[in-house]
Amino acid sequence: MTESVLENPIFIRSCILNEVLHRKPIRESYKNFCEKLGDDVMDYIDFEFWFYRFYEGNHDLNYDQKLEPKNLSDMPIKILQRILNELCFRDKMVLQKVCRILRKVVPEIDAAAHSAVSFRMCRDWTFLEFSKHEIVYREFEGGCIVKYEDYAKPVIGGNQLELALNDFSNFLKCPKLHLKHFGVTFSSAVGEEARQEVIETVGTLKWPNLKTVFFNGIHQSEIKPMITCFNSETIEHIILDVSRDSTSRQFPYQLAKGDFPKLNHGPH
């Protein structure tokens, strides 16, 4: 696709509108959009703005984002940071849902407080744990309930995995984050499609400082796809609790740093 076309905002917005008209989930739509136009044409936050605007029936491709009402996110960043620093984890997570600017600013402010994250998934539940703080996503008929510690919010039409992966990706994309420990747990009830979506998401993220990785309930065939994205220069331990097959039998073992390149690059 020519460079001049990709610099045309109307063309780019028309591509987003086309994705909306196909009525697919936003994550799948963004993936299709990037495959067609490239990963660097528009970031997820901007894509989300236009996607939901079109989804709500506002199809004006010439709309000027500057006309958006002024709100909290329009404050100078330094003042906004001082306000956000006074909030607890729960309030920060709720607040970042307000608008796309806050979705970018909140993780940057909170990044230094978190050195570990884990992603646990059952059939109807998904758990995100940032250091000692947990977010729970529970499927119910017609949507999903998201619980931030003692605050629960129903998301009508929401999908537990899609919502969890959105929060997970947004947090991990923060450049100020220095994550040291990461874990993924799959229950035996999690389907192959959902497992693959988590694996693909992990593979799209950057893990420059990671030292320890723990996988629980992972299939042997999923080991290499899960660890190839990690930096072998920083990884010290990969702890695996691997499912042999579709039964409940499992065996735990630990990979030392010297074993990592063998799995990462394969035999020479």
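The values are calculated or read from the model by the stated rules, or taken from the named source; none is laboratory data. Owing to the predicted nature of the structure, the values given are computational and were not obtained by experimental measurement. For neighbour counting, all protein chains shown are included, and Cβ atoms are generated from backbone atoms with ideal geometry for every residue, glycine included.
A few remarks follow.
- Among the residues of the range 176-193, those that are part of a strand (DSSP E or B) and within 29 Å of V105 (Cα to Cα) comprise H181, F182, G183, V184, T185.
- The C-beta contact set for the range 130-147 (first residue farther than 16 Å from F168 by Cβ, second residue of a type outside the set (S, T, Y) and assigned to a loop (DSSP other than H, G, I, E, B), distance under 6 angstrom, 6+ apart or interchain) comprises E139/D124; G143/G157; G143/G158.
- Selection within the range 118-135: residues that are within 15 Å of F182 (Cβ to Cβ) and polar (S, T, N, Q). The member of this set that is modelled with the lowest pLDDT is S131.
- Set K180, K153: member being farther than 26 Å from I223 by Cβ and over 14 Å from the mean Cα position of the chain (by Cα): K153
- Selection of the range 12-30 for residues being out of contact with any Phe, Trp or Tyr (no Cβ under 7 Å at 6 or more places or on another chain), more than 18 Å from G158 (Cβ to Cβ) and not aliphatic (A, V, I, L, M) yields S14, N18, H22.
- Taken together, F215, F260, F251, F230 contain a single residue that is in a strand (DSSP E or B) and modelled with pLDDT of 50 or more, which is F215.
- The range 157-174: number of residues that are at pLDDT 85 or above and either of a type outside the set (F, W, Y) or touching a Cys at 6+ places or on another chain (Cβ under 8 Å) (or both): 12
- Of the listed requirements (1) more than 22 Å from K173 (Cβ to Cβ); (2) surrounded by 15 or more Cβ atoms within 10 Å (Cβ to Cβ); (3) modelled with pLDDT under 85, E108 misses just one: (1).
- Residue in the range 124-134 that is over 22 Å from L210 (Cα atoms), assigned to a strand (DSSP E or B) and not assigned by TED's automatic domain parsing to the domain that holds R90 present: yes
- Residues of the range 140-156 satisfying the condition of being surrounded by fewer than 18 Cβ atoms within 10 Å (Cβ to Cβ) and not basic (K, R): F140, E141, G142, G143, I145, E149, D150, Y151, A152, P154, V155, I156
Quick grid of which residues meet (1) assigned by TED's automatic domain parsing to the domain that holds E197; (2) farther than 22 Å from A194 by Cβ; (3) surrounded by fewer than 13 Cβ atoms within 10 Å (Cβ to Cβ); (4) of a type in the set (F, W, Y):
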| site | (1), (2), (3), (4) |
| --- | --- |
| C15 | no, yes, no, no |
| N18 | no, yes, no, no |
| R23 | no, no, yes, no |
| R27 | no, no, no, no |
| N32 | no, no, no, no |
| M42 | no, yes, no, no |
| D46 | no, yes, no, no |
| R53 | no, yes, no, no |
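- Within the range 32-86, the set of residues being among the acidic types (D, E), closer than 28 Å to S4 by Cβ and either at pLDDT below 90 or outside any loop (DSSP other than H, G, I, E, B) (or both) comprises E35, D39, D40, D43, D46, E48, D64, E68.
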